[in-house]
Amino acid sequence: NESGVCPQERNVKTAPSKYLKKVNPLRNEPRHIKKGKVLSHIKAKPLACKHCHGLSGNGQGSMSASMNPKPRNFTCKEYMNGIKDGELFWVIKEGVSDSGMPSYKHLSDKKIWQLIHYIRTFSS
């Protein structure tokens, strides 16, 4: 399935309340989305997001076949409409234990918010 499973079954714990209350402080505008795209496709370390989540955000990246659980499918409106920006921020910042999602603690908050704007374009 080119677009990945939607919705995916997940057992990720809920983000702490201090994160759930966070709202993206950056305007949803092309410059932020473009910077998020560069991070996703090229610059994010330890690994660019595309390797797992795919260039189209469908969770079918080059490394996804061997992963369990599978990377999140950002094209799934059902899931993406239900997740708060603060939860995405928490997952990117802290990573998810028992999954292949690493922590991106070293990214500035601004860069994480830019990534979130870009991630949201896949399901809009």
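The values are calculated or read from the model by the stated rules, or taken from the named source; none is laboratory data. Everything quoted here is computed from the prediction, not taken from an experiment. Here the Cβ is made from the backbone with ideal geometry for all residues, glycine too, and neighbour counts use every protein chain on show. Areas reflect the complete protein model, heavy atoms only, side chains present, ligands, DNA and RNA absent. Shrake-Rupley method; radii C 1.70, N 1.55, O 1.52, S 1.80 Å.
Points to keep in mind about this one:
- Checked against (1) more than 17 Å from residue 71 (Cα to Cα); (2) surrounded by 13 or more Cβ atoms within 10 Å (Cβ to Cβ), residue 21 passes all but condition (2).
For every residue, the table says whether it meets (1) at positive phi; (2) crowded, with 19+ Cβ neighbours inside 10 Å; (3) modelled with pLDDT of 95 or more; (4) outside any helix (DSSP H, G or I).
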{"position": "8", "(1), (2), (3), (4)": "no, no, no, yes"}
{"position": "13", "(1), (2), (3), (4)": "no, no, no, yes"}
{"position": "34", "(1), (2), (3), (4)": "no, no, yes, no"}
{"position": "38", "(1), (2), (3), (4)": "no, no, yes, no"}
{"position": "47", "(1), (2), (3), (4)": "no, no, no, yes"}
{"position": "79", "(1), (2), (3), (4)": "no, no, no, no"}
{"position": "100", "(1), (2), (3), (4)": "no, no, no, yes"}
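- Of all residues in the range 90-112, at least one satisfies being closer than 20 Å to residue 5 by Cα and in contact with a Gly (Cβ under 6 Å, 6 or more places away or on another chain).
- Single match in 57, 61 (criterion: touching a Leu at 6+ places or on another chain (Cβ under 9 Å), assigned to a loop (DSSP other than H, G, I, E, B), farther than 17 Å from residue 11 by Cβ and not charged (D, E, K, R)): 61
- Test: residue in the range 58-72 that is modelled with pLDDT of 95 or more, closer than 24 Å to residue 25 by Cα and surrounded by 21 or more Cβ atoms within 10 Å (Cβ to Cβ): no
- A single entry from 93, 105, 110 fulfils the requirement of being outside any helix (DSSP H, G or I), among the charged types (D, E, K, R) and either at pLDDT 95 or above or open to solvent by less than 30 Å² (accessible area, probe 1.4 Å) (or both): 105.
- Meets criteria (loosely packed, with under 15 Cβ neighbours inside 10 Å and in contact (Cβ under 8 Å) with a residue 60 or more places away in the chain) for residue 28: yes
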